[in-house]
Protein chains: 2
Amino acid sequence: MAEIVKAKLPFEKSEMSKSEAKKFFKSAKYKLEIIDELEGDVVTIYKHGDFADLCRGPHIKNTGEIKAFKLLKVAGAYWRGDAKNQMLQRIYGTAFADKKALEDYLKLIEEAEKRDHRVIGTQLDLFSTMEEYGAGLVLWHPKGARIRDAIETFWKEQHYKNGYDILYTPHIGRSTLWDTSGHLSFYKDSMYSSMDIDGQDYYIKPMNCPFHIQIYQKTVHSYRDLPLRWAELGTVYRYEKSGVLMGLLRVRGFTQDDAHIICTPDQVSSEIKEVLRFSLSMWKAFGFTDVKAYLATRPEKAVGEEAQWDRAISALKDAVEQEKLAYELDEGGGAFYGPKIDLKVKDALGREWQMTTIQFDFNLPERFDMNFIGSDGKKQRPYMVHRALLGSLERFFGVLIEHYGGAFPLWLAPVQAKILIISDAQAEYAKKLMSKLRESGLRAELDDRSEKLGLKIREAQLQKVPYMLIIGAKEVEASSVAVRSRNKGDLGAMEIEKFIEMAREEIRSRKSEV
Amino acid sequence: MAEIVKAKLPFEKSEMSKSEAKKFFKSAKYKLEIIDELEGDVVTIYKHGDFADLCRGPHIKNTGEIKAFKLLKVAGAYWRGDAKNQMLQRIYGTAFADKKALEDYLKLIEEAEKRDHRVIGTQLDLFSTMEEYGAGLVLWHPKGARIRDAIETFWKEQHYKNGYDILYTPHIGRSTLWDTSGHLSFYKDSMYSSMDIDGQDYYIKPMNCPFHIQIYQKTVHSYRDLPLRWAELGTVYRYEKSGVLMGLLRVRGFTQDDAHIICTPDQVSSEIKEVLRFSLSMWKAFGFTDVKAYLATRPEKAVGEEAQWDRAISALKDAVEQEKLAYELDEGGGAFYGPKIDLKVKDALGREWQMTTIQFDFNLPERFDMNFIGSDGKKQRPYMVHRALLGSLERFFGVLIEHYGGAFPLWLAPVQAKILIISDAQAEYAKKLMSKLRESGLRAELDDRSEKLGLKIREAQLQKVPYMLIIGAKEVEASSVAVRSRNKGDLGAMEIEKFIEMAREEIRSRKSEV
C-alpha cells in the first residue's frame, strides 16, 4: 500500500462492451459471473498501475491522494456467502484525507467496539437474548431489570406530570379485532401466525392501538373529556428475519413506551407541541441533547381528507419550529394513514439513532368509528396520534448502554455504592452501613470476601459502580467512609450522613456524565 | 312454606332398588334419567307429608325445625343447562336455625351484590373485560390502572426491601422450552395452541418459571450467590372454558406476582419462614388480617426424594407454626412436584379467598439440570420454590374492589381529592390549588362545571373520592379549603398546607378502613 501511494498512480476510467470485458477478465471466473449479471451492455473499468477492476466509480485522481490509510483485517469469505462455494480472501481497509481524520475514525470504531451493548450486557450481567428457545427474545437479568425499573418509574412519573393516564391491555386479541383494525391486511407480514382458542383465531399483538381504542369505545365521550392521553408500556411481538436480529437493537419482542392522544381538531396543534416538548425533556433527562427531526408528509396513496393532512402537517411543522429543532422534510414519505415526525438522537460517540415517533392516524378512528360529542351535541371524529418517546425499552436500553459505555449515572446504576472492607474486622460495621444506605433508598452492596482490597477495587471498577465506600479501622473509629467516585476519583473520608445526602442529591438531579 | 313448617312434618328416609324407584317416580321423566345415572343399585328417598324426592340426605328431623327461611327467587332453567331441552322452574330458598342468622345471611348477600366488582368496576370506570374481541381478557381503564400502578409500586418497593431482584421475561417461548420444562406433557390442556415462527412452534407462556431458569442457567452459580429471590410481574395466558369466565376472578390472561426462590438445602427453612412472614405483611398492608393456611403434602405419584419432601414439609410446618397461623393439613394433596402452602384470606364480608401460594418444585431443577457449586467445590442441585403472594393482579384487584366496596384507602384511590367550586368566581383559585396538590404528589381533580354544588357532591360521593375540597368565597378569602372526608364527614375549613400534610401522612401510613 505504501509503495502504491508513493507511486501516485493515476486512476484511469475506461468503458467496454460486455463481450470485450469478458475477454479482458477471462481468467477471473467470479468477475465473469458478475459481468453477466450487470444491466446494460456497457461496463466501466478503473485501472491504476497494472491493476484493473470492474467499478462504477468515482475514484480519486491518483493513489497519491491517499494521505492516511489503515488495513483493518483480512478474513475468509465464501463466494456469495455460501459455504458450498470456494473461500476468497477479503482485505478490509479504510482511507482518509488526513491522519487526524483516520485516527478519529479508528478511535470511534475502537470505542464503539468497547461500548458494544452485547459485550457490556454480558460483562455487567444486564441481559441476555434467548437463542435455542426463542431467537430475538430478551431476558432482563436482575441488574438490567433494576435499570429498566428505574427508567419505567421515571417514565410513569413524567407521564402523570404531563397529564397522561396509564393503561394495561392484553397481549392477545381475536382475529376480528385485527380485521377491524386492518392489521391483518396491511401488517400481516410482521405478525405471527394465529393461535386457536375455542375455534377462534387469536393473534399476539404487534401494536397496542386496537386495545386502547377498545377502552375508548367503552364509554361515550364528550368534547369536555378530550384530550385523552393514554400511555402504556406495552410489550408487542413482531416478526423479524432471524438474520437481522441483533442484541437489543433488533428483536422480536419489545416493550413500546406507547401512547395515544385522542383530541378534537382544535387541540391538535397544542397537543403536538406538548408531545414534542415532552420528548425533548425526556431525552435531556437521559443525557441526550443533540436531537434532529424528520418530518414525513403525504404519500400518493393515502387515507383521510386533505384538510386533515394539512392541519396535521402544519401542527408538526409549528412544533419543530417552536422548539427550534433542526429538521429534514421527507416529502411524500409518510405512512398511508398520516404524517409523522421521527426524532433521531446522537449518542456520546456522535452516532445517530432513530428513536421517537409522533405519528398521526386517520385510519383507525374511521375503521373503529370513534366519536365524541361536540359542543353542538353532534358526533364528531377525533384526531388520533400514536407516539413512542423512547421507542422501545429494549432498543433504548441498548443505545443507553452504548451511550454511557455501561457507566450509568447514579440514578440508573443498578448498584449505586459498593462497600469494600479492608479486613474481616470491619464486617459488622459494614453490614450496619449497608442497612443504613438501603434504608435511605440507596442500592448498596457489600463485598465482604476475604480478598485483597486491590482485587475488590478492580472488580468494582469493572462493574462500573459509581461509588466505592472503603472501610478500614480508621473509618470504623471515626464512623465515616472513604469515598471513591467513578468519575472524580478519591473523595477522601466523609461522614456517612454526608455521603448519603450527596448521593441522594445526585440521584434527585439525575445528573448524567458521559 | 309457612304451613309446612307449622305442620312439623317429619322427614322419613327410605331405600329402594333402582327398579322400585323407577316405578315410584314413573311420571317424573327427569328423575328417571337421574336414577339411571346413579351409581350402585340402592337409591335413598326422603319424604315429608305427601312430597317425596330422591336425596342422599341428611335432613333435619321435621319441618318444624325450620325456624327462619326465605324464598329468594324463582327462575327458569333448561334441563341440564341445554337450551334445546325443556325449561323447568327453579325455586331458590334458604333456611337458618334462627331469624338473626337468616338476617345476617341476607345482609351478607345484599352487601356482596352491592360490592360485586363487575358492578363497581363499571360504576367507577376501573376496568372492563373484552367480549367479542377476546373473552376473559382484561382492559385496565385509567382509574383502575392508576390503582394497579400504586399496587405494583408498593409491591416492588417491598420486594427490594425483602431482598428480591426483579426480572422481565418474554411472553412466548419455543416448544423446545416447554418440552424441557414438561409443560407440554403435564399442562398442555391449559396452554393455547402454538404459533409458527420460521417453521418453529412457539407457545404463549402459561408460567414464568422456564424463563427465570434460563436466566439462572446463563451463569455458573456458587453457594455464595444463594439464595436468589427472583420476582416478576409476569403476564401469563391460560385456557379456561368460556362458561367459567367471571369478571376479574376467572380470566384467560393475568399477571402473576410471581417469584422463584433458588436456595441451598440449608437455606430452605429460613427462606420459607421469610416468605410466609412477607406474605402476611403484604396482606396486612392491604387491610386483610384474617389469614388461614392450607398445607398440602406428598401425593402417591410424586417426583423427588423422600428426604427432600420431608425437609420441605417440615420447613412449611415450622413457618406456619412460627407465625402462629391456623392451618389445615391436606395429606397427599400436593402436586406431584412438591408440597405447598396456600393462604386463604377473609375479606370485609368474611368470605374466604384463596390467594397466596408457596410451592416447592422438585421437578424443574431436575429437568433443566440446575446446579450450583457447593462449598466443597462440587455440583449440587438447588431447591426451588415458586411463590405468588397476591396471586394475580387481576384476581387480587377483583377481591380488593369487593373488600373495600370500591372505597379504596387514600394511598390506592385513583382520585384522592376532588376540588368542588361553589361558583365560577373560585375557578382560578381552584386551579392553583389543584397544581399545588399535584406538585405535592396528590392525585387531585377539579370539578369546575357550572353545576349546583349538591350535584357535584353527589357525583364525588358516587365515585367514592376520599376527600372533597369545597371552595367558596370564604375559602378563597382565607386561603383555605373546606374538607369533607369520605369516612369522617365534614372536617371544616383547613389551611391548604395542613390538608396536604394530613393527606400525605395518611398515604405514608397506608391507613385502611373497610
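The values are calculated or read from the model by the stated rules, or taken from the named source; none is laboratory data. All values reported here derive from a predicted model rather than from experimental measurement. With ideal geometry, Cβ positions are generated from the backbone for all residues, glycine too; neighbour counts draw on all protein chains shown. Only protein heavy atoms, including side chains, enter the accessible area calculation; ligands, DNA and RNA are left aside. Shrake-Rupley method; radii C 1.70, N 1.55, O 1.52, S 1.80 Å.
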>> Under a crude label model (7 Å from the Cα following the beta-carbon direction), how far is A:Ala2 from A:Ile109 in nanometres?
In response: 1.9
> Just counting partner chain Cβ atoms within 10 Å, what average do the residues of peptide A:185-198 show around their Cβ?
Replying inline: 3
> About its Cα centre, how strong a charge dipole does the protein assembly as shown have in debye, to the nearest 20, once Lys and Arg get +1 and Asp and Glu get -1 at the Cβ?
Replying inline: 520
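Sorted by average packing, counted as other Cβ atoms within 10 angstrom per residue and highest first, what order do A:332-343, A:363-374, B:276-287 take?
Details: A:332-343: 20.9, A:363-374: 17.2, B:276-287: 18.9.
Highest mean packing first, the order is A:332-343, B:276-287, A:363-374.
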> Mind listing the phi-derived Karplus ³J(HN,Hα) values for segment A:466-481, rounded to whole Hz, using 6.51, -1.76 and 1.60 with θ = phi - 60°, and x for any glycine or proline?
Replying inline: x, 10, 9, 10, 9, 10, x, 4, 4, 5, 4, 3, 8, 6, 10, 9
> With solvent modelled as a 1.4 Å probe, how much accessible area in total do chains A and B shield from it at their shared surface, in Å² to the nearest 100?
Replying inline: 4800
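Taking beta carbons within 10 Å but only from partner chains, what does the mean come to for residues A:209-219? The partial results should precede the final answer.
Working: counts 0, 1, 6, 1, 0, 7, 9, 1, 1, 7, 4.
The mean count of partner-chain Cβ atoms within 10 Å per residue comes to 3.
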> Taking the alpha-carbon centroid of each part, what is the distance from segment B:351-395 to segment A:1-41 in angstrom?
Replying inline: 67
> In nm, to one decimal, how far is the modelled label at B:Asp82 from the one at A:Asp125, with both set 7 Å along Cα→Cβ?
Replying inline: 6.0
>> Can you give me the distance in nm between label points at A:Glu37 and B:Arg449, each placed 7 Å from the Cα along the Cα-to-Cβ direction?
In response: 6.9
> Say the cut-off is 29 Å between C-alpha atoms; which of A:Lys284/B:Lys498; A:Lys273/A:Lys488; B:Lys156/B:Lys340; A:Lys431/A:Lys488 go over it?
Replying inline: A:Lys284/B:Lys498; A:Lys273/A:Lys488
>> So the label point sits 7 Å from Cα along the Cα-to-Cβ vector; using that for B:Lys114, what distances do you get to the other copies, in nanometres, sorted shortest first?
In response: 6.9
>> Taking the Cα centroid of segment B:69-144 and of segment A:161-191, what is the distance between the two, rounded to the nearest whole Å?
In response: 32
> Summing +1 for each Lys or Arg and -1 for each Asp or Glu, what net charge is found among the other residues whose Cβ lies under 14 Å from the Cβ of B:Glu113?
Replying inline: +2
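Please compute the Kirkwood hydrodynamic radius of the protein assembly as shown from all pairs of different C-alpha atoms, in Å with one decimal. Mind dumping the intermediate values first?
Working: mean 1/r = 0.0295 Å⁻¹.
It works out to 33.9 Å.
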>> If amide hydrogens are placed 1.01 Å from N in the peptide plane, which non-local residues have theirs closer than 5 Å to the one on B:Val415?
In response: none
> A:Ile197's amide H: which non-local residues (gap 5+, or another chain) put their own amide H closer than 5 Å, with H modeled 1.01 Å from N in plane and none for Pro or chain starts?
Replying inline: A:Tyr202
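For chain B, take N as its residue count and report Rg(C-alpha) divided by 2.2 N^0.38 Å. If you can, show how the numbers build up before the last one.
On the way: Rg = 28.8 Å, N = 514, 2.2 N^0.38 = 23.6 Å.
Working it through for chain B, the quotient is 1.22.
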> Among A:Tyr168, A:Ser193, A:Phe286, whose Cα sits farthest toward the positive end of the charge dipole of chain A (+1 at Cβ of Lys/Arg, -1 at Cβ of Asp/Glu, about the Cα centre)?
Replying inline: A:Phe286
>> Between B:Lys488 and B:Ser440, how high is the FRET efficiency from 1/(1 + (r/R0)^6) when r is the Cβ-Cβ distance and R₀ = 22 Å? Nearest 0.05.
In response: 0.60
> In the neighborhood of B:Ser423, defined by Cβ-to-Cβ distances under 14 Å, what is the net charge if each Lys or Arg adds +1 and each Asp or Glu adds -1?
Replying inline: -3
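Sort the following peptides by mean Cβ neighbour count (other Cβ atoms within 10 Å, averaged over residues), highest first: B:391-401, A:3-13, A:467-477.
Numbers: B:391-401: 23.9, A:3-13: 13.7, A:467-477: 18.8.
Top to bottom by mean Cβ count within 10 Å: B:391-401, A:467-477, A:3-13.
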> Just counting partner chain Cβ atoms within 10 Å, what average do the residues of peptide B:160-166 show around their Cβ?
Replying inline: 3
> What is the distance in Å between the Cα centres of segment A:223-270 and segment B:480-514?
Replying inline: 38
>> About the Cα centre, and with charges only on the beta carbon of Lys, Arg (+1) and Asp, Glu (-1), how big is the dipole of segment B:2-106? Nearest 20 debye, please.
In response: 300
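Provide the percentage of antiparallel DSSP beta bridges, counting only those with both residues in segment B:358-514; round to the nearest 5. Kindly include the intermediate steps, with their values, before the conclusion.
Working: 15 of 24 bridges.
Looking only at bridges with both residues in segment B:358-514, the antiparallel portion is about 60 percent.
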> Too long at a 32 Å Cα-Cα cut-off: which of A:Lys241/B:Lys218; A:Lys29/A:Lys70; B:Lys6/B:Lys31; B:Lys100/B:Lys344; A:Lys432/B:Lys143?
Replying inline: A:Lys432/B:Lys143
> So what is the calculated 222 nm ellipticity per residue for chain A, using -39500 (n - 2.57) for each DSSP H run with n of 4 or more, over all residues, to the nearest 500 deg cm²/dmol?
Replying inline: -10000 deg cm²/dmol
>> Sort A:87-96, A:128-137 by packing, meaning the average of other beta carbons within 10 Å per residue, with the highest value first.
In response: A:128-137, A:87-96
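Size of the dipole of chain A about the Cα centre, Lys and Arg at +1 and Asp and Glu at -1 on the beta carbon, nothing else charged, in debye to 20?
I would put it at about 1140 debye.
I want the local charge near B:Ser17. Using Cβ-Cβ distances under 12 Å, sum +1 for each Lys or Arg and -1 for each Asp or Glu among the other residues.
0
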